[in-house]
Amino acid sequence: MNTPLAIPSRQGQVSDAEWQVRVDLAAAYRLVAAFHWDDLVFTHITARVPGTDDQFLINPYGLLFEEITASSLIKIDLQGNKLDDSPYPVNPAGFTIHSAIHAARHDAQCVLHTHTLNGVAVSAQKQGVLPLSQQSIFVLASLAYHDYEGVALREDEKARLVADLGDAHFLMLRNHGLLTLGPTVADAFLSMYLFEAVCAIQVRAQAGGGELIPIDPAIIGTAQAQARQVTRGQGAGALTWPGLLRRLDRINPGYRQ
């Protein structure tokens with residue numbers, strides 16, 4: 001169990017809508033840690049503050065993902081400047097990619113980025129994601145790639161990243177990692193769950209050494225319609241998020257503080 005940090009509660013100081021997003025975002029950070037997708041303090045999840053176009057929530061730099069709480073999240077603007085009082089800094093590389101996506105994609109209420117071993121391994125493969133699993137068809141139906149340009153610190157990279165992303169919901173950052181975006185925190189998280197599973201399956205299938213069977217491209221073209229049917233139009237996030245929060249309440253409570 002992590003040691004509680006001395007961070008005053010912000011509940012009651014922000015709107016109910018913002019507090020709910022804070023709780024969901026803190027839960028996403030802790031779930032990323034629970035699934036072992038975290039990279040100490042070096043990846044990020046951001047969420048737009050409800051009712052705004054230029055305010056976002058991000059993790060305090062230096063806290064482990066398993067320590068994040070709703071109150072510890074920092075509110076920032078599109079330039080990464082802090083808009084509320086926090087003793088913690090914001091990672092300058094953390095918001096370069098996210099700010100570009102949030103500014104260009106107003107449907108991106110949440111952006112989630114990871115450096116998992118499976119994700120980076122596939123991002124280093126020239127062909128990227130291969131159509132090898134049922135999971136892969138849903139990723140391939142909305143997948144984009146962005147070439148590696150070094151640690152994300154330069155403003156001029158933003159335009160190229162946004163152009164590469166287009167209207168996709170999955171982005172593979174070459175030699176770097178995975179990124180998902182969604183209309184809710186739950187949707188971005190479930191997309192990352194799928195993305196990570198696709199990469200893990202691919203690496204294991206390749207390690208087997210046998211001939212691989214690719215999925216017919218025509219099937220990939222029907223993936224989004226199949227997803228709507230399977231989730232009864234609700235989306236995977238809405239179906240699974242309540243259960244994930246119950247799991248989190250059992251293994252690492254405190255994110256709601």
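Count, please, the residues in region 106-133 that happen to be assigned to a loop (DSSP other than H, G, I, E, B), open to solvent by 20 Å² or more (accessible area, probe 1.4 Å) and either free of Cβ contacts under 8 Å to residues at least 12 places away in the same chain or not charged (D, E, K, R) (or both).
10
Filter region 49-79 down to the residues that are under 13 Å from residue 109 (Cα atoms), open to solvent by less than 10 Å² (accessible area, probe 1.4 Å) and not β-branched (Val, Ile, Thr) and list them by number.
56, 57
Residue-by-condition table, conditions (1) touching a Pro at 6+ places or on another chain (Cβ under 8 Å); (2) within 22 Å of residue 247 (Cα to Cα):
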| position | (1), (2) |
| --- | --- |
| 21 | yes, yes |
| 50 | no, no |
| 67 | no, yes |
| 70 | no, yes |
| 102 | no, no |
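Residue under question is residue 14, and the condition is that it be outside any loop (DSSP other than H, G, I, E, B) and open to solvent by less than 50 Å² (accessible area, probe 1.4 Å); does it hold?
Judged against the criteria, residue 14 is not a match.
Picking from 148, 88, which residue would you name as being in contact with a His (Cβ under 8 Å, 6 or more places away or on another chain) and either in a strand (DSSP E or B) or open to solvent by 50 Å² or more (accessible area, probe 1.4 Å) (or both)?
One residue alone meets the criteria, 148.
Going by the structure shown, is residue 103 surrounded by 15 or more Cβ atoms within 10 Å (Cβ to Cβ), closer than 19 Å to residue 45 by Cα and out of contact with any strand residue (DSSP E or B) (no Cβ under 8 Å at 6 or more places or on another chain)?
No, not satisfied.
The values are calculated or read from the model by the stated rules, or taken from the named source; none is laboratory data. All values reported here derive from a predicted model rather than from experimental measurement. A quick note on method: Cβ atoms are made from the backbone with ideal geometry, for glycine too, and the neighbour counts reach across all protein chains shown. Remember, those area values only see protein heavy atoms, side chains included, never the ligands or the DNA or RNA. Shrake-Rupley method; radii C 1.70, N 1.55, O 1.52, S 1.80 Å.
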